[in-house]
1. Karplus couplings for the stretch 58-71 from phi (6.51 cos²θ - 1.76 cosθ + 1.60, θ = phi - 60°), rounded to Hz, Gly and Pro as x?
2. Exactly which GluC sites (Glu not before Pro) in the stretch 116-200 are in a DSSP loop and have at most 13 other Cβ atoms within 10 Å?
3. Among V71, Y32, A144, pick out the residue whose Cα is farthest towards the positive end of the charge dipole of the stretch 11-211, where Lys and Arg carry +1 and Asp and Glu carry -1 on C-beta, about the Cα centre.
4. Let's test the formula: R0 of 41 Å, r as the Cβ-Cβ distance of E81 and K140. What FRET efficiency results, to the nearest 0.05?
5. When the distances between all Cα atoms of the stretch 1-122 are binned every 5 Å from zero, what whole-number percent does each bin get?
6. Based on a Kirkwood Rh over C-alpha pairs, give the Stokes-Einstein translational diffusion coefficient of the stretch 109-174 at 20 °C and viscosity 1.002 mPa s in µm²/s.
7. Relative contact order for the chain: what percent, with Cα pairs under 8 Å and sequence separation of 6 or more?
8. I need the Debye-formula profile for the chain: one equal scatterer per C-alpha, no solvent, reported as log10 I(q)/I(0) at q = 0.09, 0.10, 0.11, 0.17 1/Å, two decimals.
Amino acid sequence: TWGSSATRGLFFVFEGLDRSGKSTQSKKLEEYLSKAGRSVKWMCFPNRKTPIGTAIDLYLRRQLELPDEAVHRLFSANRWEMAKSIVEDLRAGTTIICDRYAFSGVAYSAAKGLDFSWCQAPDRGLPCPDGIFFLHIDEKVGAARSNFGDERYENAEMQAKVRAQFKDPRLRANVHWKDVNGARDMEVIHAEIRSAVEVIRQEDQENRQRAIPR
Ligand code: NYM
Ligand code: MG
């Protein structure tokens with residue numbers, strides 16, 4: 001638990017394929033919440049600036065070869081590098097908005113053929129998001145948007161495999177997962193996410209009030 005502080009921050013994660021609009025939407029939510037006067041921090045995974053993130057960045061840019069199992073563990077370790085600061089920020093009342101998290105970790109590695117539950121194991125115990133917004137784009141929209149760069153995984157074949165893994169119900173079990181149709185106008189998407197955030201915030205406050213003994 002996060003303790004009983006009435007000002008705990010909320011933790012929101014954006015997930016989806018490459019080019020699904022996660023960065024745009026996560027930054028729009030950050031802007032909206034900070035304009036509303038909330039303390040908010042945006043972050044992304046991989047965090048390429050940490051020691052482990054440096055290796056991940058080299059791997060993604062094809063300047064480093066690593067076994068699939070090893071790089072999977074690095075992606076997870078990269079989240080563990082940030083876990084303590086995430087918890088501290090949430091406790092201090094800062095809301096965190098995160099572009100990709102453990103769900104990408106599992107979907108991309110399982111798409112390469114690694115066992116799904118083996119992929120889930122190293123992330124167990126990480127701070128759990130209060131809401132996950134999965135930006136769904138169908139194959140056709142994805143193909144139209146895909147001016148892919150030359151990073152690893154940025155090709156139609158891999159994206160199709162990742163898309164299939166993101167559908168696995170084991171990813172959504174025990175978390176507040178919201179599918180968002182990412183093929184629409186970005187302001188329409190943003191409005192839908194904003195109202196989902198307010199619902200989650202209200203639920204959180206009600207739950208916390210119930211938990212306080214009178
Ligand atoms: N990726 C991201 C993984 O394979 N595992 C992970 O745990 C995470 C967080 O990194 N193609 C992949 C998905 C992306 C790539 O991320 C770089 P981005 O958000 O495209 O910069
Ligand atoms: Mg990308």
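Bear in mind that the values in this text are calculations on the coordinates, not laboratory data. Fair warning: this is a prediction, and the values are worked out from it, not measured in the lab. Heads up, the Cβs are rebuilt from the backbone with ideal geometry, glycines too, and the neighbour counts pull from every protein chain shown.
1. 4, 4, 5, 7, 6, 9, 8, 9, 9, x, 3, 4, 5, 5
2. E151
3. Result: Y32.
4. In this case the efficiency is close to 0.65.
5. The calculated distribution, bin by bin, is 2, 11, 18, 20, 20, 14, 9, 4, 2, 0.
6. Stokes-Einstein gives a translational diffusion coefficient of 156 µm²/s.
7. Worked out over the chain, it gives 31 percent.
8. -0.36, -0.44, -0.54, -1.29
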